[in-house]
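Peer 1: First, the structure itself, so that you have it in front of you.
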Amino acid sequence: MGASGLTMRRVCYVSGTRADFGLMSRTLAAIEGHPDLSLSLLVTGMHLSPAHGHTVEEIERAGLTIAARVPVPMEPATGATMARNIGAMTGAFVDALEAERPDVVLLLGDRGEMLAGALAAIHLNIPVAHACGGERSGTIDEPVRHAVSKLSHLHFAATEGARERLIRMGEAPEHVHVIGAPGIDGLDDDPRAGKAAVAERHGLSPDRPIALFVYHPVLQEAERAEADTRVLIDALREAGCQIIALMPNSDAGSDGVRRALDAAGALPDVRVLTHLPREAFLDALAAADIMVGNSSSGITESASFGTPVLNVGRRQNLRERNANLVDVPVDAGPVRDGIARLLAHGRFPRANIYSVPGGTAAGRIAALLADAPLDESLLMKVNRY
C-alpha cells in the first residue's frame, strides 16, 4: 500500500538506448522512491547490444526492476531493420505487458521502441504517458514523436511551446502538463569535474581546446553519414581541437559514422568511445570548449553548462534553441566558420529555456503519475477539435 492508503500504481518504462535512460534516470529514481508508485522497465534495442556498450548493465547497477528484455537485430543498420524492429518489439511488448499488467506505460521522445510501446499498451487498454511530446525536429523523428503523442493519454511537455502544439494537435488541455526537460534535472546539484580532470581522464591536454563530438545518422541522408562525419572531424582538427567522440546510435547510416570514427580513432588527440556513463558524459559536456554534432544534449543539457554548441544538419531542425547554439549545414566552409566563431566566443551564460521554475521534471512526473485519474474517460480519447 502507498502512503495514501491506495494500492501502489505500477509504472512500466520502455528504454532502448543509453540516451533515453540517461535523460530519464532522475525521473525513474523519483518514481522508484515514490510511496504510491512501483516501477519496472522493458529493456530493448541498443541496451542489449555489446557493440553499443551493453548498457543494460547501467540499469542493473541502478537496481531497477527489468520486467522483460527484448533483443532485436542491430544489423544491417538500415531503415528496413528499424521498421522490422518496431514490429518485433510491439509483439514482444504485448506479451510482457500482459504478464506485467502495469497501470500506466511511460515513454520518452521519438524513437521506434517508444512507438512500439505505445501501440502495445493502447491495444491492451493501458494508459500511456508520454514525456517530451509536442517538440519539433527534423527527419523521421518528428512524425514518430507526434505518432506517439496521438497514441498517448497523458503528456509531460518540456516547454509551453510544446504544450501549445500538443493542444493544437487535438490533445485535451487538462492532460497536457509542462514539466521541463527531464535531462536537465540535477545538473546544478554538484560541481562537475573540471577541464583538467576530464583531460587527464581521456589522455588529453588541458591547455588546448577539447571538442565533444556526438553525431548520429539521419535516415533520409544515411548514404552521406560517413562523408559528413569526416567533414566534421577534419574541421575540428584543422581548428586545433582535441576530440572526445562517441559512437552513434544504431539507426540507418550508423555503419558509415562508425567507419569514419574508427579511422579517426587512430589519429593523435582523438578519443573514440563506444559509451560514456551519464555522469562522465556530463563532465565532458560541462568541460568541453565546444560540442559539435546533432545530439539532443546539445539542444537541452549543454545550455545549463554554457557550453558552445555547433549543431550540424537537419536532425534537430526546428527544436527550441538556447543562446549557446549555432546551426550550420554539413558543409566544410560553414562548419569551419562556426567552430572558429564559437571557440572565439567562449562559454555562454548558464541559462536554459528547458528549465521550469519551482521544481524538477522528475518530481512533477512522479506526482502526476501517482495522482492523475486513470479512468475510462482517459482511455476513450478523442481529438478536441
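Peer 1: With every protein chain left in place and a probe of 1.4 Å, what is the accessible surface of Asp327, to the nearest 10 Å²?
Peer 2: 80
Peer 1: 5 Å is the cut-off here: which amide hydrogens, built 1.01 Å from N in the peptide plane, fall below it relative to Val14, excluding neighbours closer than 5 in sequence?
Peer 2: Leu42, Leu106
Peer 1: Distance between Cα centroids, the stretch 311-385 to the stretch 224-247: provide it in whole Å.
Peer 2: Centre-to-centre (Cα) distance: 24 Å.
Peer 1: Cα gyration tensor of the stretch 26-155, axes a ≥ b ≥ c as square roots of the eigenvalues: rounded (a/c below 1.5), prolate (a/b > b/c) or oblate?
Peer 2: Since a/c stays below 1.5, the shape of the stretch 26-155 is classed as rounded.
Peer 1: Here's something else I'd like to know. Between Asp331 and Asp371, with labels modelled 7 Å along Cα→Cβ, what's the label distance in nm to one decimal, could you check?
Peer 2: It works out to 5.1 nm between the two label points.
Peer 1: With θ set to phi - 60°, apply the Karplus curve 6.51 cos²θ - 1.76 cosθ + 1.60 along the stretch 320-328 and write out the HN-Hα couplings as whole Hz, x wherever there is a Gly or Pro.
Peer 2: The phi angles translate into 5, 9, 8, 6, 8, 10, 10, 9, 9 Hz.
Peer 1: From the backbone phi of the stretch 28-36, what are the Karplus-calculated ³J(HN,Hα) couplings (6.51 cos²θ - 1.76 cosθ + 1.60, θ = phi - 60°) in whole Hz, Gly and Pro given as x?
Peer 2: 5, 5, 5, 5, 4, x, 6, x, 10
Peer 1: Considering only Ser254, Ile233, Ser296, whose Cα is most displaced toward the positive end of the charge dipole of the stretch 229-330, charges sitting on Cβ of Lys, Arg (+1) and Asp, Glu (-1)?
Peer 2: It is Ser254.
Peer 1: Semi-axes, largest first, in whole Å: what does sqrt of 5 times each Cα gyration tensor eigenvalue give for the stretch 68-223?
Peer 2: Each semi-axis is √(5λ); the values are 32, 22, 17 Å.
Peer 1: Oh, and also: What relative contact order, as a whole-number percentage, does the chain give when Cα pairs under 8 Å and 6 or more residues apart are counted?
Peer 2: Once normalised by length, the contact order is 17 percent.
Peer 1: While we're here: Tell me the angle of helix 225-238 to the major Cα principal axis of the chain, expressed in degrees between 0 and 90 and rounded to the nearest ten.
Peer 2: The two axes meet at around 50 degrees.
Peer 1: Rounded, prolate or oblate for the stretch 153-232? Axes are the square roots of the Cα gyration tensor eigenvalues, ordered a ≥ b ≥ c, and the cut-off for rounded is a/c under 1.5.
Peer 2: oblate
Peer 1: Hey, another quick one. Alpha carbon centre of the stretch 109-182 versus the stretch 64-97: separation in Å?
Peer 2: 20
Peer 1: With +1 on each Lys and Arg Cβ and -1 on each Asp and Glu Cβ, and nothing else charged, work out how big the dipole of the chain is about its Cα centre, in Debye to the nearest 20.
Peer 2: About 420 debye.
Peer 1: So what's the angle, to the nearest 10 degrees on a 0 to 90 scale, between helix 141-150 and the longest Cα principal axis of the chain?
Peer 2: 10
Peer 1: Which value, in debye to the nearest 20, describes the size of the charge dipole of the stretch 172-300 about its Cα centre when Lys and Arg Cβ atoms bear +1, Asp and Glu Cβ atoms bear -1, and nothing else is charged?
Peer 2: Roughly 360 debye for the stretch 172-300.
Peer 1: Moving on to the next point. Using 7 Å Cα-to-Cβ label points, what is the Arg69/Leu124 separation (nm, one decimal)?
Peer 2: 2.0
Peer 1: Hey, can you find the accessible area per residue of the chain for me, probe 1.4 Å, expressed in square angstrom?
Peer 2: 39
Peer 1: Sticking with this one: State, as an integer percentage, the relative contact order of the stretch 202-301 based on alpha-carbon contacts under 8 Å between residues 6 or more apart.
Peer 2: 39
Peer 1: Which value, in debye to the nearest 20, describes the size of the charge dipole of the stretch 279-385 about its Cα centre when Lys and Arg Cβ atoms bear +1, Asp and Glu Cβ atoms bear -1, and nothing else is charged?
Peer 2: Around 320 debye, computed over the stretch 279-385.
Peer 1: Separate question: Quick one: helix 254-264 against the long Cα principal axis of the chain, what's the angle to the nearest 10°, folded into 0 to 90?
Peer 2: The angle comes out near 30 degrees.
Peer 1: Still on this structure, please answer the following. Find the relative contact order for the stretch 82-145 and round it to a whole percent, using C-alpha pairs within less than 8 Å whose residues are 6+ positions apart.
Peer 2: That works out to 36 percent.
Peer 1: In addition: First measure r as the distance between the Cβ atoms of Ala280 and Glu174, then evaluate 1/(1 + (r/R0)^6) with R0 = 30 Å and state the FRET efficiency to the nearest 0.05.
Peer 2: FRET efficiency, Ala280 to Glu174: 0.15.
Peer 1: Here's a follow-up. With a/c under 1.5 counting as rounded, go ahead and sort the chain into rounded, prolate or oblate using the C-alpha gyration tensor (a ≥ b ≥ c being the square roots of the eigenvalues; past the cut-off, prolate if a/b is larger than b/c, else oblate).
Peer 2: Since a/c reaches 1.5 and a/b is larger than b/c, the shape of the chain is classed as prolate.
Peer 1: Tell me the carbon and sulfur percent of the accessible area for the chain, rounded to whole percent, probe radius 1.4 Å.
Peer 2: The C+S portion of the solvent-accessible surface of the chain is 54 percent.
Peer 1: Assuming R0 = 51 Å, can you tell me the calculated FRET efficiency for the pair Glu320 and Thr81, based on Cβ-Cβ distance, to the nearest 0.05?
Peer 2: 0.95
The values are calculated or read from the model by the stated rules, or taken from the named source; none is laboratory data. Here the structure is a predicted model, which means the values were calculated and not measured. Neighbour counts are summed over all protein chains in view; Cβ atoms, including those assigned to glycine, are modelled from backbone coordinates with ideal geometry. For the accessible areas, the whole protein counts, side chains as well, though only heavy atoms, and no ligand, DNA or RNA atoms are used. Shrake-Rupley method; radii C 1.70, N 1.55, O 1.52, S 1.80 Å.
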